[in-house]
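The values are calculated or read from the model by the stated rules, or taken from the named source; none is laboratory data. Remember, it's a predicted structure, so these values are computed and weren't measured experimentally. As a convention, Cβ positions derive from the backbone with ideal geometry for all residues, glycine included, and neighbour counts pool all protein chains shown. Note: areas computed on protein heavy atoms with side chains; ligands, DNA, RNA excluded. Shrake-Rupley method; radii C 1.70, N 1.55, O 1.52, S 1.80 Å.
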Amino acid sequence: MPCFFCQNCVYSYPGDDMNYIVLDLEWNQSPDKKVHEDPHLPFEIIQIGAVKLDQNFNIIDQFFERIRPVLYPEIHYKIQEIIQINYADYKNARSFPEVAEDFFSWCGSDCSFCTWGPCDLTELQRNLNYYQIKSPFPFPLFFYDIQKIFSIVYEDGKIRRNLEFAIDFLLISKDRHFHDALCDAFYTGMVMRHLVKEEIFKNYSIDCYQPPATDSEQIYAVYETYSKYISKPFDSRLDAMQDKNLTAVPCHLCQKNAHLEIAWFVGPSKSYYCLAKCKEHGYLKGKIRFKKTDSGKVFCIRILKQVSPEAALKVKEMQKMMREKKQLKHREETIVSHTFH
């Protein structure tokens, strides 16, 4: 069972009277790519669909409404192809603030959110923020990413499949079309019914749209094979990497600081990596990813994962490769400098 540590709250499994809101959204974007895109709202929600499940994952209610696009009134041609919408239905639809108010009222206060992938909750909060609507979501926001859990249960935990793949894999009848918010929410609920509750609950996700604001709000979550740390915002990546809480390497099993065998270094994806070893539990691979807040600051997500000696060797090889690339770049810059001087 995973556990959650922070100064203010503790994660616990849902109670028997908990309802589950399986949410799906469809959104529009600027029809002329980036030319007239509003960076504060690159994706404008045009559909909210959801099904409400009881504690046994039975569907007990549903919600669906189209939303009139305001920021991008012209539907992007790709969106038009995927959703196959009738523009007249959206031109006469209600506004996002009106629909959002009704949606959260329908959800109720005692519920957990489930989605196919992590993006829907992020975009929902971004749309709320754009319209200056106070978010009803708690902090931290725990949810269940059924796409991720499907991969953990049926595949390698890394690959991410589309919803139709999961429906076909589980031999679920396809009597509705895809890329409709209500239909996709329904199908996601059907996938949940094929999963053991324990597998869903122990692999909860933490939404990162709203990062911790202070030291006391920083999040440390422990799972079976890894730990996750979500930091407060920093002015820069350099400032972040000077924070001792972020660069620490506690073993998720015993909470003792592991010995750093390879200090944090920049990897191929501009993330930071390290290799540590716990005397009792073996190798830990560390990875720090950086994310930007809407205000332009950066916060970090650190994963420390228990790995095999073979996987530890790959971290060493990665460090060697990055060091050689850095040396080669330095030599090339030196040659260029000498050529022009």
Checklist entry - Given charges of +1 on the Cβ of Lys and Arg and -1 on the Cβ of Asp and Glu, with all other atoms neutral, how large is the dipole of the chain about its Cα centre, in debye to the nearest 20? => result 1920
Checklist entry - By how many degrees, 0 to 90 and rounded to 10, does the Cα axis of helix 119-130 deviate from the longest principal axis of the chain? => result 80
Checklist entry - In Å, what is the Rg of the alpha-carbon atoms in the chain, and how long is Dmax? => result 22.6, 75
Item to check | Options Q47, I21, S269, ranked by Cα towards positive dipole end of the chain, top entry (Cβ charges) | outcome: S269
Next on the checklist: Compute the angle between helix 309-339 and the longest alpha-carbon principal axis of the chain, please, reported from 0 to 90 degrees and rounded to the nearest 10.
Outcome noted: 70
Next on the checklist: I need the GluC sites (Glu not before Pro) found in segment 203-267, filtered to DSSP loop residues with at most 12 other beta carbons within 10 Å of theirs.
Outcome noted: E224
Checklist entry - What number in nm² do you get for segment 192-285 if you take the convex hull of its Cα atoms and divide its surface by four? => result 8.1
Item to check | Per residue accessible area in Å² of the chain, where ligands, DNA and RNA are left out and the probe is 1.4 Å | outcome: 53
Checklist entry - So what is the relative contact order of segment 16-157, in percent, for Cα pairs below 8 Å that sit 6 or more residues apart? => result 26
Next on the checklist: Given contacts defined as C-alpha pairs under 8 Å and at least six residues apart, what's the relative contact order of the chain, whole-number percent?
Outcome noted: 15
Checklist entry - Cα centroid distance between segment 130-150 and segment 220-247, in Å? => result 20
Checklist entry - With contacts defined as alpha carbon pairs under 8 Å and 6 or more residues apart, what's the relative contact order of segment 36-109 in percent? => result 29
Item to check | Rg and Dmax [Cα atoms of segment 84-197; Å; Rg one decimal, Dmax integer] | outcome: 15.9, 45
Checklist entry - Rounded to the nearest 500 deg cm²/dmol, what is the calculated helix-only ellipticity per residue at 222 nm for the chain, with -39500 (n - 2.57) per DSSP H run of length n ≥ 4? => result -9500 deg cm²/dmol
Checklist entry - Hey, any idea what % of the chain's accessible area is carbon plus sulfur with a 1.4 Å probe? => result 51
